[in-house]
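Input: a single structure, listed below in structure tokens.
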Amino acid sequence: MRIESKVERQAPFSLQVEGETLRAYPGETIATVLVERSPVIGHMANGDAQGLFCNMGTCCLCMVTILPEGRRVRACLTAAEPGMEIGLG
Amino acid sequence: MAERYDLAIVGGGPAGQAAALALQGHGLAVAVIDEQPHPGGQILRQPPREFGVTGWMGGKVYAALRRQLGQFEALSGLDWLGGRSVLGLSRSSDASFVLTLSGRSGVETLRARRVLLATGCQDLAVPLPGWTLPGVYAAGGIQAFVKSQQIVPGKRIVLAGTHPLQLLIADQIVAAGASVSAVMFAQSRQAMARLLAESPLVAARQASALLPAGAAMARLRRRGVPVRFGESLLGIVGGERVEGVRSSAGETACDAVGLCYGFVPQSALPRMAGAGMRAAGPAGGWAAECDAWQRTSVAGLYAAGETTGVAGAAAAQCAGRIAGAGIALDLGLLAPGAAERRVAGVRRAHAKHLKFAALLDRIADPTGHFPVMAPSTIVCRCEAVRLADLVSCLDGRSANAVKLASRCGMGPCQGRNCEPTLLRLLGDRADPGFSARFPARPVMLGDLAAPE
Amino acid sequence: MRKADVLIVGGGLVGCATAWHLARGGAQVTLLEAGDIGMGASGQNAGSLHFQLERRFLENGEALAEQAARTAALSRLAIDDWRGLEAELGADLHVVMDGGLMVAETAEQVGVLERKIARENAEGLATRLLDGDEARAIAPYLSAGILAAGFSGDEGHADARAVTRAFAEAAAHAGAILRMRSPVTSARRLDRGFEIACADETLQGDRLVIACGAWTAQICARLNLHMPLFPVALLMNATERTAKGLRHLVQHVGRRLSMKQTHAGNILIGGGWPARLAQAPDGTFDPRRRPEMIAASLAGNMRAAIDTAPFVAKLNLIRSWTGVTAISADQLPIVGEVPSMPGCWVAGGGSAFTLGPTFARLMAQAMGGRAAPELDIVSPARFEHLNSFMG
Ligand SMILES: Cc1cc2nc3c(=O)[nH]c(=O)nc-3n(C[C@H](O)[C@H](O)[C@H](O)COP(=O)(O)OP(=O)(O)OC[C@H]3O[C@@H](n4cnc5c(N)ncnc54)[C@H](O)[C@@H]3O)c2cc1C
Ligand SMILES: Cc1cc2nc3c(=O)[nH]c(=O)nc-3n(C[C@H](O)[C@H](O)[C@H](O)COP(=O)(O)OP(=O)(O)OC[C@H]3O[C@@H](n4cnc5c(N)ncnc54)[C@H](O)[C@@H]3O)c2cc1C
Ligand code: FES
């Protein structure tokens with residue numbers, strides 16, 4: 001849930017997560033965009049659904065793939081960018 | 001970014017900022033590295049520059065920290081290297097340190113004659129049935145969403161644990177317009193009150209530090225948020241995501257949970273460097289050992305703030321100042337007497353804050369309140385290692401040997417989350433835990449490879 | 001005082017496997033391990049099962065290559081040992097023997113491969129040369145820059161985390177006594193047999209097996225023996241898990257590289273890049289302390305991996321570690337009874353993950369009275385001259 005009161009954001013842009021088009025605001029991290037979409041951001045080693053946890057870069061549970069480049073980053077430390085394509089899992 | 005610095009400070013929180021400010025005017029080439037884009041540390045995780053947030057972190061409690069942050073951001077002649085994670089540090093042949101940094105654009109290395117580790121702490125991860133369901137967060141992680149990203153990761157949130165910080169977090173969530181279904185303290189209210197009463201002087205002297213929690217509690221009560229004591233978490237329930245929690249008092253519906261059982265120092269870097277460590281506190285973890293000038297046992301390597309033990313932002317600030325003076329002393333920029341005079345007042349304040357931190361440690365002590373794990377409870381999330389997978393390894397083996405046998409701690413987080421739990425299960429006070437290994441954060445192979 | 005038929009010093013793969021074979025054969029065996037089982041080289045290694053001649057034997061002259069080729073007989077036995085090991089131990093060791101490729105990127109390297117394969121074939125090892133396209137046909141992840149590969153259908157890998165422990169459990173099951181956290185502090189020869197001691201116990205045995213990896217020379221010194229085994233520190237790296245992609249063991253004939261994917265999905269990358277051994281205050285090497293990583297090794301190892309299998313470039317490295325193993329004066333393993341000290345057996349050096357199960361089996365066989373001529377080429381006898389003044 002984006003906080004509306006006392007927060008001004010710039011014009012949103014769109015990006016793709018697993019092929020789904022999502023809206024994001026400049027300054028948001030990929031983790032924010034994902035959490036706004038669903039707490040489920042991938043799968044654990046045992047196949048169960050996975051969420052992110054620490055939101056500060058230490059738990060490494062939020063790894064996502066930036067496509068088409070293929071770089072894998074921590075979503076909670078990486079800013080969302082217009083036109084970005086993100087792969088989960 | 002230059003290739004060589006006199007000093008590299010890892011961490012731009014209260015401790016790192018204070019050290020940089022203390023060294024201002026000495027003409028040193030200083031770099032401050034942080035994996036967050038902006039300085040502030042965990043307590044003042046700043047909103048993105050693209051946001052306009054009115055009255056951000058406006059409370060009186062934060063005033064001193066905000067002032068310091070403003071001074072730090074105004075410092076000239078300092079290289080702020082935000083958005084970069086320090087992966088490791090090693091010694092080069094000329095006795096300076098080589099730090100490996102990774103950021104969005106790849107890996108860089110820098111050399112520094114001295115290094116100050118001010119890497120702060122992280123939430124203690126506490127396994128319990130259902131805790132891997134999406135929607136369960138470290139309480140500090142929820143708070144960072146609220147104060148920095150300006151979102152609330154849920155509509156009805158439960159905070160549970162033993163640490164009073166969860167009152168402030170609940171208060172911030174409610175102020176942001178979301179709803180908190182309950183704040184659950186595993187310990188009884190009487191037990192907390194008793195500890196306060198046992199240290200009336202410390203408590204009274206630090207009333208200002210206790211007040212925010214009290215005020216937050218009053219506000220939560222006014223808004224009808226249940227704050228309950230003596231209520232232990234039994235499990236978190238849901239299908240593919242959190243739908244509620246089961247506690248000793250029954251079920252509470254919610255769509256997100258913040259676990260707040262305390263904090264452990266971020267110890268990867270000092271351990272990797274071979275610095276002397278000690279058991280950190282009741283929540284577990286390892287703290288870098290320091291002398292009176294914040295020197296670690298490794299020559300040229302300093303540590304300040306919560307890397308050396310979780311004691312709050314005010315103590316971190318003091319330690320940062322002391323480290324700054326210590327570094328100036330060791331570099332011959334200050335005479336011993338002058339250095340000591342400079343920090344005399346700071347040392348007194350530091351001691352006072354540490355006393356309060358010790359009291360807070362006792363109040364927030366999670367020992368005895370950890371939720372009961374089921375055999376199927378996952379201890380190591382990276383590798384999905386269950387308690388049942390560990391039991392057969394708990395035969396006197398070292399943590400490293402258990403890791404090798406079970407994969408517990410073998411994933412991308414390098415055991416940061418599961419190590420305290422495993423050491424609790426091992427119950428061996430002499431076990432130094434997992435060997436800290438490069439890289440402190442995952443890094444793309446292509447970024448590390450030698451040029452073609 | 002406790003007595004045993006055989007005392008074993010060292011609870012790595014070699015010690016534990018030897019204990020198992022001996023105990024199975026009815027011997028009373030006591031093994032002493034300084035730390036936990038399998039936490040030395042046996043728990044730190046790459047888990048490669050490599051049967052092609054190693055690169056290190058090919059770049060130091062013809063004589064060494066020739067000598068090393070004669071260990072092929074041991075490799076042939078090791079192939080059979082590994083194929084049967086999971087069934088024999090009743091344990092899942094993640095043994096994968098789907099083949100291994102030793103790649104070449106330059107014409108010169110292709111030449112080395114050709115000569116290597118000729119040698120191996122002469123010694124009865126069924127390796128063959130694939131051209132770049134043939135190699136890519138079975139290993140599509142290989143770079144376009146790969147010109148040729150030596151292929152052995154038996155190579156592969158196993159889970160180093162599991163193997164030593166499985167041997168230890170089997171040994172204990174067969175009646176061997178395994179003592180952990182019991183560093184041996186003294187060892188001496190008696191009129192008949194040997195006596196060793198750790199902090200709280202002194203033990204006697206008819207035979208002594210010294211299988212303590214990088215520490216072998218230290219224990220030998222207690223017995224007034226020179227054993228030319230030296231500690232070396234090596235770098236290993238693991239990537240995050242990734243969908244299955246790399247089926248084979250991949251090595252390089254001209255660069256330091258070994259690469260494989262574990263059953264969990266991590267890709268392990270090593271190949272003999274050095275790390276820096278820790279030093280004790282007196283200036284001697286201290287294999288017990290963690291060796292220091294060398295940045296150039298890491299960068300070089302990553303580059304070799306990427307040049308060979310480009311897809312790994314995008315994966316995250318999650319851990320680098322350093323391990324200590326032993327290398328002998330002539331690079332070949334030293335395994336067998338010390339001629340000047342009957343009853344004292346030594347096993348150290350070499351790629352003793354691959355060959356360790358075989359060394360152990362053959363030593364036990366020889367102690368049981370059945371000759372094991374395959375060990376002749378690695379016998380400590382070749383270094384007896386060093387002990388001719390040791391009295
Ligand atoms: C999530 C969280 C929320 C918190 N919220 C509060 C609160 O609201 N109120 C309160 O009183 N206390 C809070 N605390 C405790 C608080 O962190 C400290 O009291 C205070 O911030 C400590 O200051 P510090 O300078 O020691 O470390 P920090 O402020 O934590 O600063 C350390 C900095 O180091 C950086 N860092 C760490 N490792 C690396 C690395 N390898 N590479 C690059 N950068 C690195 C981090 O990104 C961080 O910015 C919180 C703690 C956490 C973990
Ligand atoms: C990084 C690395 C990668 C490698 N990769 C491969 C590979 O892919 N394939 C391959 O075939 N080989 C590989 N090797 C080599 C292989 O790991 C070793 O040859 C093999 O594990 C040796 O087994 P060991 O039992 O002789 O020695 P170790 O496993 O080292 O065991 C020796 C044991 O003796 C104990 N000890 C020492 N001193 C004492 C004492 N005083 N008292 C009691 N106990 C003592 C130690 O604690 C240790 O546990 C690698 C080695 C390293 C380091
Ligand atoms: S959520 Fe923990 S690292 Fe991103």
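Of the candidates B:177, B:141, B:130, the single residue that is at the interface with chain A (Cβ under 10 Å from one of its Cβ atoms) and either assigned to a helix (DSSP H, G or I) or closer than 22 Å to residue B:231 by Cα (or both) is B:141. Annotation for region C:107-121: no member residue is out of contact with any helix residue (DSSP H, G or I) (no Cβ under 8 Å at 6 or more places or on another chain) and within 30 Å of residue C:27 (Cβ to Cβ).
The residues of region A:45-66 that are at the interface with chain B (Cβ under 7 Å from one of its Cβ atoms) and at pLDDT below 95, listed by number, are A:45, A:46. Scan region A:22-36 for residues that are over 9 Å from residue A:81 (Cα atoms) and open to solvent by less than 10 Å² (accessible area, probe 1.4 Å) and the total you get is 4. Considering only residues that are open to solvent by less than 10 Å² (accessible area, probe 1.4 Å) and within 10 Å of another protein chain (Cβ to nearest Cβ), which ones fall in region A:67-77? Of everything in region A:67-77, just one residue is open to solvent by less than 10 Å² (accessible area, probe 1.4 Å) and within 10 Å of another protein chain (Cβ to nearest Cβ), namely A:76. When you scan region C:281-289, do you find a residue that is touching a residue at least 24 places away in the same chain (Cβ under 8 Å), open to solvent by less than 20 Å² (accessible area, probe 1.4 Å) and within 12 Å of ligand 2 (Cβ to nearest atom), even just one? Within region C:281-289, one or more residues are touching a residue at least 24 places away in the same chain (Cβ under 8 Å), open to solvent by less than 20 Å² (accessible area, probe 1.4 Å) and within 12 Å of ligand 2 (Cβ to nearest atom).
Residues of region C:96-141 that are in a loop (DSSP other than H, G, I, E, B), open to solvent by 30 Å² or more (accessible area, probe 1.4 Å) and farther than 13 Å from residue C:153 by Cα: C:105, C:106, C:123, C:124, C:140.
Applying the criterion of being open to solvent by less than 10 Å² (accessible area, probe 1.4 Å), of a type in the set (A, V, I, L, M, F, W, C) and in contact with a Gly (Cβ under 8 Å, 6 or more places away or on another chain) to the residues of region B:410-433, the residue that is nearest to the other protein chains (Cβ to nearest Cβ) is B:418.
Condition check ((1) within 25 Å of the chain's Cα centre (by Cα); (2) surrounded by fewer than 18 Cβ atoms within 10 Å (Cβ to Cβ); (3) more than 26 Å from residue B:86 (Cβ to Cβ); (4) assigned by TED's automatic domain parsing to the domain that holds residue B:201) across all residues:
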| residue | (1), (2), (3), (4) |
| --- | --- |
| B:348 | yes, yes, yes, no |
| B:366 | yes, no, yes, no |
| B:370 | yes, no, yes, no |
| B:382 | yes, no, no, no |
| B:390 | no, no, yes, no |
| B:395 | no, yes, yes, no |
| B:408 | yes, no, no, no |
| B:446 | no, no, no, no |
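Summed over region C:15-41, residues that are open to solvent by less than 20 Å² (accessible area, probe 1.4 Å) and part of a helix (DSSP H, G or I) total 8. Of the strands (runs of 3 or more DSSP E) entirely within region C:310-360, those holding at least 3 residues that are buried (at least 24 other Cβ atoms within 10 Å of the Cβ) and within 14 Å of chain B (Cβ to nearest Cβ) occupy C:316-328. Summed over region B:27-59, residues that are within 12 Å of chain A (Cβ to nearest Cβ), in a strand (DSSP E or B) and within 18 Å of residue B:265 (Cβ to Cβ) total 1. Filtered by the rule that a residue be touching a Leu at 6+ places or on another chain (Cβ under 8 Å), in a loop (DSSP other than H, G, I, E, B) and either over 18 Å from residue B:339 (Cα atoms) or open to solvent by 30 Å² or more (accessible area, probe 1.4 Å) (or both), region B:14-26 gives B:24, B:26. Screening B:358, B:319, B:338 for residues that are in a helix (DSSP H, G or I) and crowded, with 19+ Cβ neighbours inside 10 Å leaves exactly one candidate, B:319. The condition (being in a helix (DSSP H, G or I) and within 22 Å of residue B:417 (Cβ to Cβ)) is satisfied by just one residue among B:190, B:166: B:166. Where strands (runs of 3 or more DSSP E) fall entirely within chain A, those with at least 1 residues that are of a type in the set (D, E, K, R) and within 15 Å of ligand 3 (Cβ to nearest atom) are at A:71-74.
The values are calculated or read from the model by the stated rules, or taken from the named source; none is laboratory data. Every value quoted in this text rests on a predicted model; they were computed, and no experiment measured them. Cβ: placed from backbone, ideal geometry, glycine included. Neighbour counts: every protein chain shown. Remember, those area values only see protein heavy atoms, side chains included, never the ligands or the DNA or RNA. Shrake-Rupley method; radii C 1.70, N 1.55, O 1.52, S 1.80 Å.
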